[in-house]
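Just so it is clear, none of the values below were taken in a lab; they were calculated from the coordinates. From a predicted model like this one, the values you see are computed outputs, not experimental measurements. Ideal geometry is used to build each Cβ from the backbone, glycine not excepted, and the neighbour counts take in all protein chains shown.
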Amino acid sequence: MKRWIVPFAFLLVALTAAFYYQQQQAGGRAGFPAPDFALNDLYGRSHRLADLRGKVVFLNLWATWCPPCRMEMPSMEHLHRRLQGTDFAMLAVSEDDESDVVRSFVDEMQLTFPIVLDPAGQVPPRYGVTGYPETFIIDRNGQVIQHFIGPEDWDSEQVYRYFVGLLDQKTPPAQAGRSASELRG
């Protein structure tokens, strides 16, 4: 009987730690400076996150092989078009290895927002990404104020009003704004 106590205790601690980690990730991460990076888009132009300082940035990490990523792209395109001409910037970081696959997908979906390529996978570890898609909302001062894990419907009126509200703020709030569940409605 005693020989089962140590393995059972270890298993219990491991399961508790896994549950805690999962709960922490489910709520997303926010309230930290957005790590800078520079990556090239499909046309070879360099995009540096720091160059977007002063704008509200929608940063999405995705891949063409990820069905939920593909599913949310049309709603991202619609949000991008609705907020064009404002201080809103959308940047999608593709984790695909082959640019031809990404280019074909972008053409098929008629995406107009910038998509940069990260075949070396340098961005996900900087943001603590655990899967795809993940989206980070970055305020005008370069702080991550919202983090979404998994696909979202970015085409809702509530989401649009959320971003308009962020754009109307000249100075970003000290805290991370609305929770992900409030934004989803």
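Peptide packing: for 67-75, 36-44, the average count of neighbouring Cβ atoms within 10 Å per residue gives the ranking 67-75, 36-44, highest mean first.
Order the peptides 140-146, 48-54 from the highest to the lowest mean number of other Cβ atoms within 10 Å of their residues.
Details: 140-146: 18.7, 48-54: 14.9.
Sorting 140-146, 48-54 by mean packing, highest first, produces 140-146, 48-54.
Counting Lys and Arg as +1 and Asp and Glu as -1, each charge on the Cβ, what is the dipole of segment 30-184 about the Cα centre in debye, to the nearest 20?
660 debye
Using the scaling law 2.2 N^0.38 Å as the reference, what is the normalised Cα Rg of segment 30-184? Working shown, then result.
Numbers: Rg = 14.4 Å, N = 155, 2.2 N^0.38 = 15.0 Å.
Expressed relative to 2.2 N^0.38 Å, the Cα Rg reads 0.96.
For a Förster distance of 41 Å, can you work out the FRET efficiency between the beta-carbons of residue 130 and residue 3, rounded to the nearest 0.05? Intermediate results must be reported in sequence, preceding the final value.
Details: r = 35 Å, r/R0 = 0.87.
Computed FRET efficiency for residue 130 and residue 3: 0.70.
With contacts taken as Cα pairs under 8 Å and at least 6 residues apart, segment 30-184 reaches a relative contact order of 31 percent. Fully extending the segment from residue 158 to residue 170, taken as 0.36 nm per residue of separation minus the present Cα-Cα distance, adds 2.3 nm.
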